[in-house]
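Each remark here refers to the structure printed beneath this line.
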Amino acid sequence: MIPLRLSALMAGGLVMGLAALTAAAETRTITDATGRPIEVPADPRRVFAAGPPAATLLYTLKPDAMVGWPRAPGAEDMPFLRPGTRDLPALGRLTGKGDTVNLEVLLSARPDLIVDYGTVNATYRDLARRVQAQTGTPYALIDGSLPTIPATLRTLGELLAETQRGETLAAYAEATFAGIDAILAAIPEDRRPTVYLARGPEGIETAARGSINAEIIDRVGGRNVVAAGPDGLATVSPEQVQAWAPEVIVTIDADFAAHVGTMPEWQGIPAVRDGRVYLAPAAPFGFIDSPPSVNRLIGLKWLAQKLYPEAAAPDIEAEVARFYTLFYGVTPDRAALAGLLGSGHPGE
């Protein structure tokens, strides 16, 4: 993680004023994923999301509390976002690649809570502790692993004073996992397809088994051809993919999806030969890992339909519309759904 760029020169009065406002509010003590006891507002009204996964999670639970986005939504995202959130400022991110927030920007947003959602390790724990000490704003780190999504929705729903909302979304997540388990129970492991996740326009960046970026493939029973390793993301060669011979390629890059059929180095790979290269929908949040947040719930259903078309629910449009209504507060019409899901096949 790249350290937060903090300036002692900016700290003085802004920090004291923010701390005073926070202290004046009714508070309660919670324990975050690191085991740290944190005093938080009883009903947080201004919440800063430390990165894209946290922003997506916050958007689904309490959009009115968002003070901004880590990065501005694109034009293609706007139809799928609540009107009140579309024009929130882009404030940058505290965590992940290319952190862009300095102390002045963070304090000017006047948050009464900072939430991070993702990997829980010493680096992120130290960042949370340091930022909280330097700003006087409580900083909660939430476990971002895929299996914990139901518990996360309940925990953060309680933290945000949105208990019923958290319970409703958690019940959806549990039903989604149960549906995937029912599909897999009827499909022996040796009949589940081998899968390669292609990232970038050349398709040579990928994610290993067990990584947060490829968790969704593991959870839906796909046999990721990239073995687990110390790093989640890896760069490989087309020759290596040829050797792996994946039966399905899932990509998050439109350029790669559009051109893989004519790229000589990818010819002969079963997925390319058989037309099983699928471009994951990406608006307003990716179905696979962009970012790796609760958006992966609908990604599970979409990917199950691609991997097991005879076993998974055939009406993916209805599933997407239901998810978008429940989680994003926007019900896409048939034209919007066709545009969104038409990206599921290269060239469409």
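Is it the case that residue 292 is in contact with a Gly (Cβ under 7 Å, 6 or more places away or on another chain) and buried (at least 17 other Cβ atoms within 10 Å of the Cβ)?
Values: in contact with a Gly (Cβ under 7 Å, 6 or more places away or on another chain): yes; buried (at least 17 other Cβ atoms within 10 Å of the Cβ): yes.
It is true that residue 292 is in contact with a Gly (Cβ under 7 Å, 6 or more places away or on another chain) and buried (at least 17 other Cβ atoms within 10 Å of the Cβ).
Considering only residues that are under 13 Å from residue 202 (Cα atoms) and open to solvent by 40 Å² or more (accessible area, probe 1.4 Å), look in the stretch 246-258 and name the one that is farthest from the chain's Cα centre (by Cα).
Selected residue: 258.
Out of the residues in the stretch 209-233 meeting the condition of being of a type in the set (S, T, N, Q) and in a loop (DSSP other than H, G, I, E, B), tell me which one is most open to solvent (accessible area, probe 1.4 Å). So that I can check it myself, show each step before the final result.
Going through the stretch 209-233, the residues of a type in the set (S, T, N, Q) turn out to be 211, 213, 224.
Narrowing the set further to residues that are in a loop (DSSP other than H, G, I, E, B) leaves 211, 213.
Details: 211: 12, 213: 27 Å².
Result: 213.
Pairs only if they're at least six apart or on different chains, beta carbon under 8 angstrom, first in the stretch 264-291 and in contact (Cβ under 8 Å) with a residue 40 or more places away in the chain, second assigned to a strand (DSSP E or B) and acidic (Asp, Glu); list them, first residue then second.
Correct list of pairs: empty, since none qualify.
Look at the stretch 295-332 and say how many of its residues are modelled with pLDDT of 95 or more, of a type outside the set (A, V, I, L, M, F, W, C) and not in a helix (DSSP H, G or I).
Residues flagged as modelled with pLDDT of 95 or more, of a type outside the set (A, V, I, L, M, F, W, C) and not in a helix (DSSP H, G or I) within the stretch 295-332 amount to 5.
Please identify the pairs in which a residue from the stretch 306-324 that is over 17 Å from residue 81 (Cβ atoms) has its Cβ atom under 6 Å from the Cβ atom of a residue that is of a type in the set (Gly, Ala, Ser) and surrounded by 15 or more Cβ atoms within 10 Å (Cβ to Cβ), counting only partners at least 6 apart or on another chain.
Close Cβ pairs (under 6 Å, with a partner that is of a type in the set (Gly, Ala, Ser) and surrounded by 15 or more Cβ atoms within 10 Å (Cβ to Cβ)) amount to 307/222; 312/304.
Just for the stretch 259-297: of the residues that are more than 19 Å from the chain's Cα centre (by Cα) and basic (Lys, Arg), which one is nearest to residue 245 (Cα to Cα)?
273
Being surrounded by fewer than 20 Cβ atoms within 10 Å (Cβ to Cβ) and not polar (S, T, N, Q) narrows it down to one of 128, 109, so name that one. Step through it out loud before you land on a result.
Details: 128 fails: surrounded by fewer than 20 Cβ atoms within 10 Å (Cβ to Cβ).
The conditions single out 109.
Considering only the stretch 189-208, state which residues are more than 21 Å from residue 286 (Cα to Cα) and either small (Gly, Ala, Ser) or open to solvent by less than 60 Å² (accessible area, probe 1.4 Å) (or both). Step through it out loud before you land on a result.
Taking the stretch 189-208 first, the residues more than 21 Å from residue 286 (Cα to Cα) are 189-194.
Matches in the stretch 189-208: 192, 193, 194.
Being outside any loop (DSSP other than H, G, I, E, B) and crowded, with 17+ Cβ neighbours inside 10 Å is the filter here; which residues of the stretch 61-91 pass it? Explain how you work it out, then say what you get.
Keep residues of the stretch 61-91 that are outside any loop (DSSP other than H, G, I, E, B), which gives 61, 63-66, 69, 78-80, 83-86, 90.
Selection gives 61, 65, 66, 69, 80, 85.
Go through the stretch 185-201 residue by residue and tally those that are among the hydroxyl-bearing types (Ser, Thr, Tyr) and part of a helix (DSSP H, G or I). Spell out the reasoning first.
Just the residues of the stretch 185-201 that are among the hydroxyl-bearing types (Ser, Thr, Tyr), to begin with: 194, 196.
This time we only want the ones that are part of a helix (DSSP H, G or I), so: none.
The qualifying residues number 0.
Out of the stretch 246-285, which residues are aliphatic (A, V, I, L, M) and either part of a loop (DSSP other than H, G, I, E, B) or in contact with a Lys or Arg (Cβ under 9 Å, 6 or more places away or on another chain) (or both)?
To start, the set of residues in the stretch 246-285 that are aliphatic (A, V, I, L, M) comprises 248-250, 252, 254, 257-258, 260, 263, 269, 271-272, 277, 279-280, 282-283.
248, 249, 250, 252, 263, 269, 280, 282, 283 - these are the residues of the stretch 246-285 that are aliphatic (A, V, I, L, M) and either part of a loop (DSSP other than H, G, I, E, B) or in contact with a Lys or Arg (Cβ under 9 Å, 6 or more places away or on another chain) (or both).
Being of a type outside the set (Lys, Arg), over 21 Å from residue 292 (Cβ atoms) and part of a helix (DSSP H, G or I) is the filter here, so list the residues in the stretch 127-166 that pass it.
Selection gives 131, 132, 133, 134, 135, 158, 163, 164.
Would you check if there is a residue in the stretch 92-99 being in a loop (DSSP other than H, G, I, E, B), at pLDDT 95 or above and among the acidic types (Asp, Glu)?
Initial filter on the stretch 92-99 (in a loop (DSSP other than H, G, I, E, B)): 92-99.
Subsequent filtering for residues that are at pLDDT 95 or above retains none.
Within the stretch 92-99, none of the residues are in a loop (DSSP other than H, G, I, E, B), at pLDDT 95 or above and among the acidic types (Asp, Glu).
From the list 243, 173, 182, which one is part of a helix (DSSP H, G or I), surrounded by 16 or more Cβ atoms within 10 Å (Cβ to Cβ), at pLDDT 95 or above and of a type in the set (Gly, Ala, Ser)?
Numbers: 243 fails: surrounded by 16 or more Cβ atoms within 10 Å (Cβ to Cβ); 182 fails: surrounded by 16 or more Cβ atoms within 10 Å (Cβ to Cβ).
Just one listed residue meets the conditions, 173.
The values are calculated or read from the model by the stated rules, or taken from the named source; none is laboratory data. In this text, all values refer to a predicted model and were calculated from it rather than measured experimentally. Every residue, glycine as well, gets a Cβ built from its backbone with ideal geometry; the counts of neighbours run over all protein chains shown. Just the protein is used for accessible areas: all its heavy atoms, side chains included, with ligands, DNA and RNA removed. Shrake-Rupley method; radii C 1.70, N 1.55, O 1.52, S 1.80 Å.
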